[in-house]
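The values are calculated or read from the model by the stated rules, or taken from the named source; none is laboratory data. Remember, predicted model here, so these are calculated numbers, not experimental data. Here the Cβ positions follow ideal geometry from the backbone for every residue, glycine too, while neighbour counts run over all protein chains shown. Only protein heavy atoms, including side chains, enter the accessible area calculation; ligands, DNA and RNA are left aside. Shrake-Rupley method; radii C 1.70, N 1.55, O 1.52, S 1.80 Å.
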Amino acid sequence: MKNSAQFKFFIVDDDMFYANMYEQYLLNLNYTDITYYSNGNDCLNNLDKKPDIIFLDHNMEDITGFEVLKKIKRQNPNIYVVMISGQENIITAVDALKYGAFDYIIKDKMVCEKMDLIISKIIKVKEELKKTNPSLTRRFLSIF
């Protein structure tokens, strides 16, 4: 599968099995700029690398996914953060969106396919933003 957009991805998950699975799936989609962090603090300390999309585990040892999400959004609200969790709890999903997550994925057998769908949604959102006000987008991007 050939993708038309390249993104810088961060995968933040303390479960190496899932992190490797996500990375391999993204590589199979021809995305190559993928960085893995086993904890939220390492992710936060590397936001200066300007990721486009962060797949963030909800339940981690050192710092919760919600805490990481809030700090990411304070530092750069334009990063697309996708919360991933083993919890099928609607309150957790609603809270993730309330704190600024672009979407919420439940860890199940379809998690990778859902990642692909969300990346497609992000591409569409970025295209619509460019069409809506291209000069504003240019001015905004010139800041960085």
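Remarks
- Any hit, segment 59-68, residues being open to solvent by less than 30 Å² (accessible area, probe 1.4 Å) and under 24 Å from Glu127 (Cα atoms): no
- Checking Glu88 against (1) part of a loop (DSSP other than H, G, I, E, B); (2) open to solvent by less than 30 Å² (accessible area, probe 1.4 Å); (3) farther than 18 Å from Ala19 by Cα, the condition it does not meet: (2)
- Within segment 35-54, the set of residues being touching a strand residue (DSSP E or B) at 6+ places or on another chain (Cβ under 8 Å) and open to solvent by less than 30 Å² (accessible area, probe 1.4 Å) comprises Tyr37, Gly40, Cys43, Pro51, Ile53, Ile54.
- Looking at Gly65, Gly86, just one residue is closer than 20 Å to Cys112 by Cβ and at pLDDT below 90, and that residue is Gly86.
- Some residue of segment 1-17 being among the small types (Gly, Ala, Ser), within 22 Å of Gly86 (Cβ to Cβ) and either in contact with a helix residue (DSSP H, G or I) (Cβ under 6 Å, 6 or more places away or on another chain) or buried (at least 16 other Cβ atoms within 10 Å of the Cβ) (or both): no
- For first residues located in segment 25-39 and within 10 Å of Phe7 (Cα to Cα), partners that are part of a strand (DSSP E or B) and open to solvent by 40 Å² or more (accessible area, probe 1.4 Å) and lie 6+ apart or on another chain with Cβ distances below 7 Å form the pairs Asp33/Lys8.
- Flag for Thr32 being among the β-branched types (Val, Ile, Thr), over 13 Å from the mean Cα position of the chain (by Cα) and either under 16 Å from Met115 (Cα atoms) or at pLDDT 95 or above (or both): yes
- Near pairs, Cβ below 8 angstrom, 6+ apart or cross-chain, from segment 12-24 (over 9 Å from Asp57 (Cα atoms)) to any residue that is open to solvent by less than 60 Å² (accessible area, probe 1.4 Å) and aromatic (Phe, Trp, Tyr): Tyr22/Phe55
- Which numbered condition Ala96 misses (of (1) under 14 Å from Leu44 (Cα atoms); (2) in contact with a Gly (Cβ under 8 Å, 6 or more places away or on another chain); (3) in a helix (DSSP H, G or I); (4) open to solvent by less than 40 Å² (accessible area, probe 1.4 Å)): (1)
- Pair list, Cβ < 8 Å and 6+ apart or interchain, from segment 115-127 residues that are in contact (Cβ under 8 Å) with a residue 24 or more places away in the chain to residues that are aromatic (Phe, Trp, Tyr) and surrounded by fewer than 18 Cβ atoms within 10 Å (Cβ to Cβ): Met115/Tyr25; Asp116/Tyr25; Ile118/Phe102; Ile122/Phe102
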